[in-house]
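What follows is a set of notes on a single structure, which appears directly below.
Derivation of every value follows stated rules applied to the coordinates shown; laboratory data play no part. Because the structure is predicted, anything quoted here is derived from the model rather than measured. Neighbour counts are summed over all protein chains in view; Cβ atoms, including those assigned to glycine, are modelled from backbone coordinates with ideal geometry.
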Amino acid sequence: MFDTLSDRLTSVLQNLRGKGKLSDADIDATAREIRIALLEADVALPVVREFIKHVKERAKGAEVSEALNPAQQVIKIVNEELVGILGGETRRVNLAKNPPTVIMLAGLQGSGKTTLAGKLATWLKSQGHAPMLVACDLQRPNAVTQLQVVGERAGVTTFAPEPGNGVGDPVDVAKRSIEEARHAQHDVVVVDTAGRLGVDEELMQQAADIRDAVQPDETLFVVDAMIGQDAVTTAEAFRDGVGFTGVVLTKLDGDARGGAALSVRQVTGEPILFASNGEKLEDFDVFHPDRMASRILGMGDMLTLIEQAEQAFDQEKAEQAASKLGTGDMTLEDFLEQMQAVRKMGPIGNLLGMLPGAGQMKDQLSQVDDAQIDRLQAIIRGMTPAERENPKIINASRRQRIATGSGVAVREVNDLVNRFYEARKMMQQMAGKFGFGGGGGSAT
Ligand code: GDP
């Protein structure tokens, strides 16, 4: 969905690479290009203005970080501002203290409410809930049947007016559904309401009446991300007519520009809770502003890596390690420190998976085993400082002691020592080939 925006932003930010220091003119030029990219993607003008203002202020201000170069700093700022317009923190569904929790869906016809009801039900089930769907869209022919089909597919009960009783009153159906949910011990009720092709009074009134009847814990405004700037006006109309507590973006799998959907949060002040990106029940997820922002920036989870590098960064140690790397002076003590620094950044598989282009390597990465790394650490911790400096002095009985102390087999201690020597030799050879190591070195 956000491919074009993503491409544009990535190339703007890539132009900053390799720049030592950014002048105000560099920042202005970058901000101008980001502005165009956002406007072309249909992001609402007031949202763009605010965004650009913040980016400029922050990039020109004194946000200096030792761990990041100027380009990375701008990426970080742009990312944080994007996360900001998308709502900041991930917002979870509010569950009622006294079940059932009532979730009401509102939005235009075709926005994807009925489909969403099935997705929500599936998701709620996976979270350990016992949801029930309620068919209050009694206007559109087949809407009830469609919800029943969706409910069956999701494996949940659908509450609907009995056939043959005329059109029925959606407010009455809604009320009765809550009683039924209590009776049948459903802890969450998802109420599907009628939509129109355009906003109209009657539609709003009906939705407001259902709202008053069931007192929802959440009213979710469902909006098709493909409808462009109309998304913003529709959101405003629903906010004023019915009121809502959260937004669901649908059809994010489409190829429209989608920027309007990105403006909904900022314009209405209500958070985006879920995103739907396909017709299948599983094409659905909790909306995470941070993940969406990094997807838009098209840098894998590079940004998370930047953040974690900042946290785990220790200039002095990094320089020491770089200078030792090529000289053959590296000891098991250094090795332990390196491992600890890496582990501080999170599970190793995740870390590797965050690198751009790592997508295809997912399977191999999932085999990288944190437990294995933790065992190596335990073995090294079992050694004396002298042994860490020079593992050659570890004799057979010490190997046995270390193995017992760290809860591993002697074979693993032997393996570690052998592998350490191999790795050190390899690094020395590599250092010779590529000319690094030896004299100082830079960590960024
Ligand atoms: P409602 O009128 O608001 O209940 O909308 P529906 O749930 O009937 O959805 C309208 C159409 O959009 C249907 O053809 C759905 O299959 C389709 N649809 C819903 N959500 C998505 C989505 O996330 N991606 C895509 N591609 N289609 C969707």
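Mind sorting Val190, Val149, Val156, Val267 by how few other Cβ atoms lie within 10 Å of their own Cβ, fewest first?
With the fewest neighbours first, Val190, Val149, Val156, Val267 line up as Val149, Val267, Val156, Val190.
Compare the peptides 179-187, 372-380 by average per-residue count of other Cβ atoms within 10 angstrom and give them in order, highest first.
372-380, 179-187
Checking the table Lys19/Lys425; Lys97/Lys251; Lys119/Lys251; Lys97/Lys125; Lys76/Lys113 against a 24 Å threshold on Cα-Cα, which pairs fail?
Lys19/Lys425; Lys97/Lys251; Lys76/Lys113
For Lys60, list the aspartates and glutamates whose Cα falls under 17 Å from its own Cα; do not include residues on the same chain fewer than 8 positions away.
The qualifying aspartates and glutamates are Asp24, Asp26, Asp28, Glu33, Glu50, Glu80, Glu81.
I'd like to compare 76-82, 195-201, 15-21: which one has the highest average count of other Cβ atoms within 10 Å, and what's the full order after that?
For the peptides 76-82, 195-201, 15-21, the packing ranking is 76-82, 195-201, 15-21.
I'd like the distance between the alpha-carbon centres of the stretch 369-416 and the stretch 128-145, rounded to an integer number of Å.
62
Please work out the C-alpha center-to-center distance from the stretch 46-62 to the stretch 179-220 and express it in whole Å.
40
Place a +1 charge on the Cβ of each Lys and Arg in the stretch 3-85 and a -1 charge on the Cβ of each Asp and Glu, then give the dipole magnitude about the Cα centre in debye, rounded to the nearest 20.
220
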